[in-house]
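Taken together, the values in this text are just the output of simple stated rules run on the coordinates, not laboratory data. This structure is a prediction, so every number in the text was calculated from the model and none was measured. Here the Cβ positions follow ideal geometry from the backbone for every residue, glycine too, while neighbour counts run over all protein chains shown.
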There are 4 protein chains.
Amino acid sequence: MSANPSGKQVAVIVGATSKWQSDGRNTQLAHGQDIDDSDIPVGIRWGIGGAIAQKFAGEGFFTVLTTRTAANAAPLADAIRAQGGECMIVELDLVSEDSVTTAFETIRNEAGDPEVLIYNAGYLEGRDLPPERELLEFIDVEMFDTAQHISSRGPFLVAKQVLPAMRKKGEGSFFFSNNSKSLRGRKRNTGESLYYPRVMMRTLSQVLTEEYSEHGIHVANVVIDGLIDSPGTRSLPKAQENPGIIMNPVKIAEGFFYLHTQDRSCWTHELQMTPHPTVPSV
Amino acid sequence: MSANPSGKQVAVIVGATSKWQSDGRNTQLAHGQDIDDSDIPVGIRWGIGGAIAQKFAGEGFFTVLTTRTAANAAPLADAIRAQGGECMIVELDLVSEDSVTTAFETIRNEAGDPEVLIYNAGYLEGRDLPPERELLEFIDVEMFDTAQHISSRGPFLVAKQVLPAMRKKGEGSFFFSNNSKSLRGRKRNTGESLYYPRVMMRTLSQVLTEEYSEHGIHVANVVIDGLIDSPGTRSLPKAQENPGIIMNPVKIAEGFFYLHTQDRSCWTHELQMTPHPTVPSV
Amino acid sequence: MSANPSGKQVAVIVGATSKWQSDGRNTQLAHGQDIDDSDIPVGIRWGIGGAIAQKFAGEGFFTVLTTRTAANAAPLADAIRAQGGECMIVELDLVSEDSVTTAFETIRNEAGDPEVLIYNAGYLEGRDLPPERELLEFIDVEMFDTAQHISSRGPFLVAKQVLPAMRKKGEGSFFFSNNSKSLRGRKRNTGESLYYPRVMMRTLSQVLTEEYSEHGIHVANVVIDGLIDSPGTRSLPKAQENPGIIMNPVKIAEGFFYLHTQDRSCWTHELQMTPHPTVPSV
Amino acid sequence: MSANPSGKQVAVIVGATSKWQSDGRNTQLAHGQDIDDSDIPVGIRWGIGGAIAQKFAGEGFFTVLTTRTAANAAPLADAIRAQGGECMIVELDLVSEDSVTTAFETIRNEAGDPEVLIYNAGYLEGRDLPPERELLEFIDVEMFDTAQHISSRGPFLVAKQVLPAMRKKGEGSFFFSNNSKSLRGRKRNTGESLYYPRVMMRTLSQVLTEEYSEHGIHVANVVIDGLIDSPGTRSLPKAQENPGIIMNPVKIAEGFFYLHTQDRSCWTHELQMTPHPTVPSV
């Protein structure tokens, strides 16, 4: 465990960076350019993945940040270290079974078996389709395959990597960071990603809850039911007009930590969070 | 506010005592007598209502304990005061609109407007019906009426008492302490209460969530999905055989307090808690 | 069985008339006067209750029409007889336990034990509240009590009247005619009834499904998820602008009859029907 | 339309054969050999797919039977023709995008655009895993991939093939034949298939309902909530002990036909069917 010499407990955040960070793909898509985030609090700069990573690092975990390209997570790693935390970056491409296997070998060897796994991966396929291609029949198979890799096959592969050790130890937390589109199949509106495969993240969470709770592993699906504050989202028109609907990722991350610290006599397996001016999604 | 001279924030627990406390009606029904609770930790002696009351008192709230007969709550009030907390007991019969009105006038006059209202009332109607009277056709109208008073009309009356002041102030918490039978209509098995009216507590929680969130009031239904530790439950055969299924009320109460302290950008409106060896109810 | 000398199977429609019929209370509330229905097809004149009654009468059932005031159902009874069907009107006030008891004694004595019971009762409490009284805190206790009588206590009383004979015979159908507000608690919008107690109709349907299916009784909740065609609704502005959202009660009634004729190896216990231009309620 | 010279409306049953037919893979797995089905009524010999095909053929549709290997469907095609119906067999492997494309080109060319598409494909991956491999961590990636091809990617590909023509015509029915494991993620018990990807069939049904209803296409998920009668299932011990739990596929097929004939003012988008001695799955 060369990267974690003091043997801290390990928290892995799969998809620790944000497509809405200052140079994220959604930010570029929505704003046409990068955004200067130097005046944005550090807890918010990398969306929910960054806030969770900082929270668990602050609580004493060795935090593993996975991302497709290490450079994307470097500023977040710097921030964690500046706050006195410890972390490492591991490259991981959820589309590739080999990449998943290799990444978790690296994590086990250099950091140790994960105590906490938070699956925060996302995708933006479908988001740039024009209105005349709104219906499902116009979704390319490639878009579908990517959405399915991130939201269905990827979590399955990750689960196979981390659950055996958690089960043998009799403890561990496996949480999904999800959105309201995971609650049921909905129409895809122009400008939205092809969200419906996200239902499979929630479904896998339900499966693992039933299969692994008795083995001491706490599984939960977290439904973040609104727009998360970040460099790319806070300047969107709808956020400017109604700031009350913007969710604070620092506070959401506290919810993940609350789940992790729940007594096993009273585990919550789905936690939905909704900004107060909004009717909760069903 | 003669009872609360220092003007602490007020938390009202409707139904603060437990039918499973040492001399509770369920305890007597299950065990044929009272139980000596002197060796049971004080956090557990009065079930979930007592644990919530102690938690909020410990966090600095002036805690109002409602009960049908003041003497039932006296030991709990003593325990709170012994822990350095402040509280008062108010008699309240949810079947009577006059009683509800009078009780909340007393609360407002002597303690102040509630900041937190936790509806924890229960009933045991139906629990002692023999197997040959298991089906709905054998439920007496009186039993149905009592169940409906506690789980449907009572919360409606209480809501009318506390929501106006919360709305004007723009803040407050209104939480329901409920069980898994509130999730949908289920068969009543011999030995169980007539639970199905409890669905109305959850339904009211959903109504108030949609109506009052935008006014700054946090509404939530808490589904306690198992057997709560208490003098009367811990000695039941099923608890003796599988202690892992017993839920710690002190830890459940922490969940209520977590809800109360959630940032309003990320409110949870339903929190289900399940002991780890158990498949969550749906 | 003086009213049913040929001993036809008996179908009881509780609430066979419509508040949207030509002289109904909703019609008067929405239009300020009665409406001439002479050019409206007879299948549609009395909303869903009238259509169900005509369907079952047409299929050979002796049909019992319950209503608070017999005169309200006289035109419907005339229509059924003109179509060659047989029926009787029985006055029934769901608020009164005595009235429920007496009405079903009459039904049993004059028509026979019901083979089919369709609970179609409704209420309009809350519908005329002004916008400044939209929130729950402004609902009068009397309004709540009426809503609860019709949607919770009433069906309980009716179930106690008809289930014993069905159970002994080992067959029967008990169907609820409900709306989408029965699916969960929702905000009451100005102009709407206090719908949330309707969740209890659905909950009772779930309870009876679990308790009585094995005894050969088919229980189902029918969610009519839109505006039903009737004299009072077809002339509403929203119906005039978008006729596709108007549901044909004759076709809905066929759905009830399909349920009744399902083989007991494949019973459906909830049937939601939605007009095609509309997203189904959840 | 060489195969359908009289230009009948076309109903396609994807997966028209049964793994429980006399020589089906589940039959062989459960019984160790083929079963003689000569004394079993023809409506039941090929499970639900065969019953649906016979029903729509009997109602005048030209019925297309897809299957991976044409020989598997030959006896069913013979039965349909013996009943006076018309049909054709088309080979289709849902794992292959090319196969899906080619099969529907054949269908369009030789039969015409489908009016009705019923997706009845299944898989048995996971069913023969031993008890020590019950947990998700022991599921091979290949098993997962097959399950996902049949229940998620396959229906997506089929939808892309048939929806454009239905949309342009403004009518059509697209129904999923599914089981209760599609309702939420559940533990896989030893002896069961890896069912959880079936949730995606239901989810796609919800997506298409919201996207295509307004275009006149009726989409529905049918939850067959029990054991379907067939040569391979009727001799299972649990069926022998409790024949009431066996569902009649001929009657289930009538439910599909009822859905197809519903008036578009009252479309049902999910139809669950449960045998009467059984509590409905949730």
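Can you give me the Rg/Rh ratio for the range D:75-135, using Cα atoms for both radii and the Kirkwood formula for Rh? Value, to two decimals: 1.15.
In a reduced charge model with +1 at each Lys and Arg Cβ and -1 at each Asp and Glu Cβ, the range C:1-155 shows a dipole moment near 520 debye about its Cα centre.
With +1 on each Lys and Arg Cβ and -1 on each Asp and Glu Cβ, and nothing else charged, work out how big the dipole of the range A:203-248 is about its Cα centre, in Debye to the nearest 20.
Here the size comes out at about 320 debye.
Taken one residue at a time, the phi angles of the range A:235-251 give Karplus couplings (6.51, -1.76, 1.60, θ = phi - 60°) of 9, 5, x, 5, 6, 5, 6, 9, x, x, 8, 7, 8, 7, x, 5, 6 Hz. Gly and Pro are set to x.
The relative contact order of the range D:159-282 comes to 28 percent, based on Cα pairs under 8 Å that sit 6 or more residues apart. Per-residue Karplus couplings for the range B:157-173, computed as 6.51 cos²θ - 1.76 cosθ + 1.60 with θ equal to phi - 60°, are listed in order as 5, 5, 4, 4, 6, 9, 5, x, 5, 4, 5, 5, 6, x, 7, x, 10 Hz, Gly and Pro entered as x. Charge tally around residue D:66: other residues with Cβ under 10 Å, Lys/Arg +1 each, Asp/Glu -1 each, net -1.
Proximity of backbone amide H atoms, modeled 1.01 Å from N, is registered between residue A:87 and A:63 at under 5 Å, excluding neighbours fewer than 5 places apart on the same chain. Remark: chain D carries a charge dipole of roughly 520 debye about the Cα centre, counting +1 on each Lys and Arg Cβ and -1 on each Asp and Glu Cβ.
Roughly how crowded by other chains is peptide B:174-182, in terms of the mean Cβ count from those chains within 10 Å of each of its Cβ atoms?
On the way: counts 0, 0, 0, 0, 0, 0, 0, 0, 1.
Mean partner shielding for this stretch: 0.
Remark: chain C projects, on average over all directions, an area of 14.4 nm² (convex hull of Cα atoms). Inter-chain Cβ neighbour count for B:198-207, averaged per residue, equals 6 (cutoff 10 Å, partner chain atoms only). For the protein assembly as shown, the alpha-carbon radius of gyration amounts to 0.95 times the rule-of-thumb value 2.2 N^0.38 Å expected for a compact globular protein. Near residue D:270, the amide H atoms lying under 5 Å from its own belong to C:272, D:221; only residues 5 or more places off or on other chains count, and H is placed 1.01 Å from N.
Annotation: lysines with alpha-carbon distance below 29 angstrom to residue D:169 (same-chain offsets under eight excluded): A:187, C:238, C:251, D:8, D:55, D:160.
Mean partner shielding of peptide B:184-197, defined as the number of other chain Cβ atoms within 10 Å of each residue Cβ, is 4.
The residue C:128 and residue C:23 beta-carbon pair, evaluated with R₀ = 22 Å, returns a calculated FRET efficiency of approximately 0.80. Can you give the FRET efficiency to the nearest 0.05 for residue C:101 and residue C:2, using r as the Cβ-Cβ distance and R₀ = 30 Å? For R0 = 30 Å, the calculated efficiency reads 0.95. Can you tally the net charge around residue C:138? Count Lys and Arg as +1, Asp and Glu as -1, for every other residue whose Cβ sits under 12 Å from the Cβ of residue C:138. My count for the surroundings of residue C:138 gives -1. Averaged over residues, the count of other Cβ atoms within 10 Å places the peptides A:28-35, C:194-201, A:206-213 in the sequence C:194-201, A:206-213, A:28-35, highest first. Taking Cβ atoms as reference points and 12 Å as the exclusive limit, the residues near residue B:119 contribute a net charge of +2, counting Lys and Arg as +1 and Asp and Glu as -1. Once the C-beta distance of residue D:83 and residue D:36 is scaled by a Förster radius of 22 Å, the resulting FRET efficiency is 0.55 to the nearest 0.05. Close amide H pairs (under 5 Å, H built 1.01 Å from N) link residue D:172 with D:218, residues at least 5 positions away or on another chain.
Rounded to the nearest whole Hz, the Karplus-based 3J(HN,Hα) values (6.51 cos²θ - 1.76 cosθ + 1.60, θ = phi - 60°) of the range D:212-228 follow the sequence 10, 4, 5, 8, x, 9, 8, 10, 7, 9, 9, 9, 8, 9, x, 8, 8, with x at glycine and proline. Extending 7 Å from the Cα toward the beta-carbon at both residue B:142 and residue B:68 defines two label points whose distance is 1.2 nm. Considering helices alone, the calculated mean residue ellipticity of chain A at 222 nm is -11000 deg cm²/dmol, with DSSP H runs of length four and up weighted by -39500 (n - 2.57) and normalised per residue.
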